[in-house]
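Here's the structure we're looking at; comments come further down.
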Amino acid sequence: MPNVLQVALGGALGAALRYLVVVQMGRWMGPAFPWGTLTVNVAGSFAMGVLAAALGPRAGMTPLLMTGVLGGFTTYSAFSLDTLALVERAAPLQALGYVAATLAGAIGGCAAGLVLGRAVWP
């Protein structure tokens, strides 16, 4: 299957999964804070770390999973919009906390995924 088709199919799957997670997190946690976007960005970063560790040098050769599914699943454009929405709602401290949690969670998630993945696939 051509790489561009793998990316397109993976992106469609990732976007659908993102939608489901965002909707479910909204139901569980309420709409006051963008828990869904935070969740997909941290979970997607963790999954990226696991895949990078599992695949090693072949990590760049995975258009379906890494570029497609995870690219469609995580979303920094929604992160940016959510941040500005918090600022506009006069919640600048929440916005700052959200930015810090997203960055720390995404980088920490990727690092944890690499550690786990390298332990499983040395």
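The values are calculated or read from the model by the stated rules, or taken from the named source; none is laboratory data. Only a predicted model underlies this, so the values are computations on that prediction, with no experimental measurement involved. Neighbour counts run over all protein chains shown; Cβ positions are idealised from the backbone, glycine included.
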Look through the stretch 82-108, keep the residues that are of a type in the set (A, V, I, L, M, F, W, C) and within 18 Å of ALA43 (Cα to Cα), and return whichever of them is surrounded by the most Cβ atoms within 10 Å (Cβ to Cβ).
ALA106
If you scan the stretch 54-89, which residues turn out to be more than 13 Å from the chain's Cα centre (by Cα) and modelled with pLDDT under 85?
LEU55, GLY56, PRO57, ARG58, ALA59, GLY60, MET61, THR62, LEU81
Kindly provide the set of residues from the stretch 66-81 that are surrounded by fewer than 21 Cβ atoms within 10 Å (Cβ to Cβ) and of a type outside the set (Gly, Ala, Ser), ordered by number.
MET66, THR67, THR75, TYR76, PHE79, LEU81
Scan (1) touching a helix residue (DSSP H, G or I) at 6+ places or on another chain (Cβ under 7 Å); (2) within 20 Å of GLY11 (Cα to Cα); (3) surrounded by fewer than 21 Cβ atoms within 10 Å (Cβ to Cβ); (4) not acidic (Asp, Glu) for the single condition LEU55 breaks and write down its number.
(1)
